[in-house]
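Working notes for the structure below.
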Amino acid sequence: MDDVIAHLVAAFVTMPLLSFFLVYFFARKLLKRKRKSFYAAVNVSTLFFIIAVHFLLAVLSGKSYLWHIIFFLLIMHMLIAIGYWRKNEDFHFFTVFRLFWRANFLLFSSLYFSLLIYGMIVRISSNL
C-alpha cells in the first residue's frame, strides 16, 4: 500500500497537470459544480506545481533552489498581506492566504510549463 501511495505522489510531482485534472474530475463528480471543482483542483495542484518547479530547476541547473523558493514564497505572502491590509484596512488571514495560494498557482504553473519547454529545448539541442 505504501508503494502505491509513493508512486502516486511521484507521478503527481513529475506531472502536476495530472493531479489538477484528476482532482477536478473527482470534485466535479462529487460536488456537481464547475467553479468549486476548479478551485479544489487549483488548491491541491498548487503544491505539486511548486515541488515540480523545484525539481525542474534542480535538474536543469544541477543545484537546489528550495530555500530560494521558500524565501520567495514568504516574501510574496508578506507583500500580498501588506497590499491587502493597505487596501482594506483590515486583515483576514484566510482571504489573504487564498489570494496568495491562487497567485502561486498562476506563477508556478506558468513557471512549470516554461521550464519544461526550456528543458526540452536544451536536451534536444545538446543531443544534436
Quiz prompt | Unique match (being at positive phi and either at pLDDT below 95 or in contact with a strand residue (DSSP E or B) (Cβ under 7 Å, 6 or more places away or on another chain) (or both)) among LYS36, LYS63, LYS87, LYS32 | solution = LYS32
Practice problem: Give just the number: which of (1) of a type outside the set (Lys, Arg); (2) surrounded by 15 or more Cβ atoms within 10 Å (Cβ to Cβ); (3) more than 20 Å from the chain's Cα centre (by Cα); (4) under 23 Å from PHE12 (Cβ atoms) does PHE48 not satisfy? | Solution: (3)
Quiz item: Which of the residues that make up the stretch 21-59 are in a helix (DSSP H, G or I) and out of contact with any helix residue (DSSP H, G or I) (no Cβ under 9 Å at 6 or more places or on another chain)?
Solution: ARG35
Practice problem: State yes or no: is ARG35 basic (Lys, Arg), surrounded by 12 or more Cβ atoms within 10 Å (Cβ to Cβ) and free of Cβ contacts under 8 Å to residues at least 40 places away in the same chain? | Solution: no
Quiz item: In the stretch 71-92, what residues are farther than 18 Å from PHE105 by Cα and either of a type in the set (Val, Ile, Thr) or assigned to a helix (DSSP H, G or I) (or both)?
Solution: ILE82, GLY83, TYR84, TRP85, ARG86, LYS87, ASN88
Quiz item: Can you tell me which residue in the stretch 1-20 is modelled with the lowest pLDDT, limited to those that are loosely packed, with under 13 Cβ neighbours inside 10 Å and assigned to a helix (DSSP H, G or I)?
Solution: ASP2
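The values are calculated or read from the model by the stated rules, or taken from the named source; none is laboratory data. Every value quoted in this text rests on a predicted model; they were computed, and no experiment measured them. Neighbour counts run over all protein chains shown; Cβ positions are idealised from the backbone, glycine included.
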